[in-house]
Every structure is written in C-alpha cells, then in structure tokens.
Amino acid sequence: MGPLVSQPSVLFVCLGNICRSPLAEAALRAEAVAAGLAVSIDSAGTGGWHAGDPPDPRAVAEAARHGIDISGYRARQVRREDFQRFSTIYALDQQNLRDLRRIQPKGFMGRPIAGPSARLSLLMDLVPGREGTAVIDPYGGTAEDFATTWEDVTLAAREIVTRLRR
Ligand code: 4NP
C-alpha cells in the first residue's frame, strides 16, 4: 500500500470531445509516460451530441502521425461530479470555460462547497505568451488545423508535466 496521497488527475474539456480535448488527452498521456509521471487523464465535452462516438477521423489521423492511436477513445459529456473527481479541469477555449463555470458546483451563500473541487482554468493560460487564447476549434477546418491543434495541446501538456514534477 502506498501513502495516502492521491495521484493528480486532469480533465480536458472542449465542446464535442471529438477533436481538441481527445488530442489534449493523447498529448498529455504521451508526455506523462515520457516523464515517468503517474497522472490520471480524461477528456469530455460540454455538449453531449457526440457522446459514445470515436474522435473525428482527422483527429485520429493527426494523433497517428505522432505514433498515438486514439481510435478507441469515446466521447462523453462533462458532469458536475467531474469537479469532485479531478484535481484540475482545463477548458480548451473561453466558451468552454464559461460553460464549465455554469455547471461548477457552487457553495451556498458564498460558503465553499463541502469536499474537494477541481481547479478550473483555460488551457493555454499555461503556455507563456499564449495566455488568454483559445485552442481554436478545428472541426470546420482542414488537416492543417488539426496539426495546429496538436502543436497547441502539446505545448500545454509539456507545461502540465513541468508543473506536476515540481
Ligand atoms: P471539439 O470540436 O469541441 O474540439 O470536439 C467540435 C466537435 C463537434 C462539434 C463542434 C466542435 N459539433 O458542433 O458537432
């Protein structure tokens, strides 16, 4: 039995959970393995239209270009309970962040909620020089846009690993 220190857990949230957040999940899994870090990682969407679906074929192809198979991932909608299950939740864009703030469990009359609650922030706030910016939705875009998404989420994943190692 190990010590009673819970392992960090990270949830990435975008709109559909078929383009950006699965790529963020894959990028952090790869960076965490490379760093020998134990971290629990998942992704979800603020919307539920794609629940149960595999990632967008262009996201699967982009991950495959980096040697990572995400074809087995399945989309799900974020739940209030996720705020108790994860230590950190990252929103891929500002609208995702606003939507997450709306479902985030709130204390009563300004009192904090009982028990732990995830820290919630904008993903690119982690990346120096990219604070306040979105990981742009590539859904209506091209394969190149998915490559840009991969670059963005990889930069952020490296910052997460750096922080977790401290
Ligand atoms: P994601 O991209 O939020 O990065 O997964 C989208 C996927 C699906 C839709 C929009 C964005 N959609 O409207 O179905």
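The values are calculated or read from the model by the stated rules, or taken from the named source; none is laboratory data. Keep in mind it's a predicted model, so treat the numbers as computed, not measured. Every residue, glycine as well, gets a Cβ built from its backbone with ideal geometry; the counts of neighbours run over all protein chains shown.
Looking only at residues that are near the ligand (Cβ under 6 Å from one of its atoms) and buried (at least 24 other Cβ atoms within 10 Å of the Cβ) in the stretch 7-20, which one is farthest from Leu122 (Cα to Cα)?
Of everything passing the filter in the stretch 7-20, Ile18 is farthest from Leu122 (Cα to Cα).
Given Ala75, Ala24, which one is within 13 Å of the ligand (Cβ to nearest atom) and either β-branched (Val, Ile, Thr) or under 18 Å from Leu122 (Cα atoms) (or both)?
Working: Ala75 fails: either β-branched (Val, Ile, Thr) or under 18 Å from Leu122 (Cα atoms) (or both).
After ruling out the rest, the residue left standing is Ala24.
Return the residues of the stretch 135-147 that are within 12 Å of the ligand (Cβ to nearest atom) and either assigned to a helix (DSSP H, G or I) or more than 20 Å from Gln95 (Cα to Cα) (or both); say none if nothing qualifies.
Selection gives Asp145, Phe146.
Out of (1) within 13 Å of the ligand (Cβ to nearest atom); (2) under 24 Å from Ile70 (Cα atoms), the odd one out for Ile89 is which?
Every listed condition holds for Ile89 apart from (1).
Which condition from (1) exposed (fewer than 15 other Cβ atoms within 10 Å of the Cβ); (2) farther than 16 Å from Val153 by Cα; (3) among the aliphatic types (A, V, I, L, M) is the one that Ala64 breaks?
(2)
Please work out which one of (1) of a type in the set (A, V, I, L, M, F, W, C); (2) away from the ligand (no atom under 14 Å from the Cβ); (3) free of Cβ contacts under 8 Å to residues at least 40 places away in the same chain; (4) under 17 Å from Ala156 (Cα atoms) is the condition Phe83 fails and give its number.
That leaves (4) as the condition not met.
Among what's in the stretch 87-128 and is in a loop (DSSP other than H, G, I, E, B) and under 11 Å from the mean Cα position of the chain (by Cα), pick the residue that is farthest from Thr162 (Cα to Cα).
Among those that are in a loop (DSSP other than H, G, I, E, B) and under 11 Å from the mean Cα position of the chain (by Cα), it is Asp93.
Any idea how many residues of the stretch 41-59 are touching a residue at least 40 places away in the same chain (Cβ under 8 Å) and within 21 Å of Arg85 (Cβ to Cβ)?
Count: 2.
Give the residue that is farthest from the chain's Cα centre (by Cα), with candidates limited to residues of the stretch 47-61 that are over 20 Å from Ala27 (Cα atoms) and buried (at least 16 other Cβ atoms within 10 Å of the Cβ). Talk me through it step by step, then tell me what you get.
So in the stretch 47-61, the residues over 20 Å from Ala27 (Cα atoms) come out as 47-52.
With the extra rule that they be buried (at least 16 other Cβ atoms within 10 Å of the Cβ), the set shrinks to 47, 50.
Details: Gly47: 14, His50: 16 Å.
Result: His50.
Among the residues of the stretch 34-54, is any more than 16 Å from the ligand (Cβ to nearest atom), modelled with pLDDT of 95 or more and among the charged types (D, E, K, R)?
Kept after step one, since they are more than 16 Å from the ligand (Cβ to nearest atom), are these residues of the stretch 34-54: 34-41.
Imposing the further condition that a residue be modelled with pLDDT of 95 or more reduces the set to 34-41.
The next check asks that each one be among the charged types (D, E, K, R); those that pass are none.
Checked the stretch 34-54: no residue is more than 16 Å from the ligand (Cβ to nearest atom), modelled with pLDDT of 95 or more and among the charged types (D, E, K, R).
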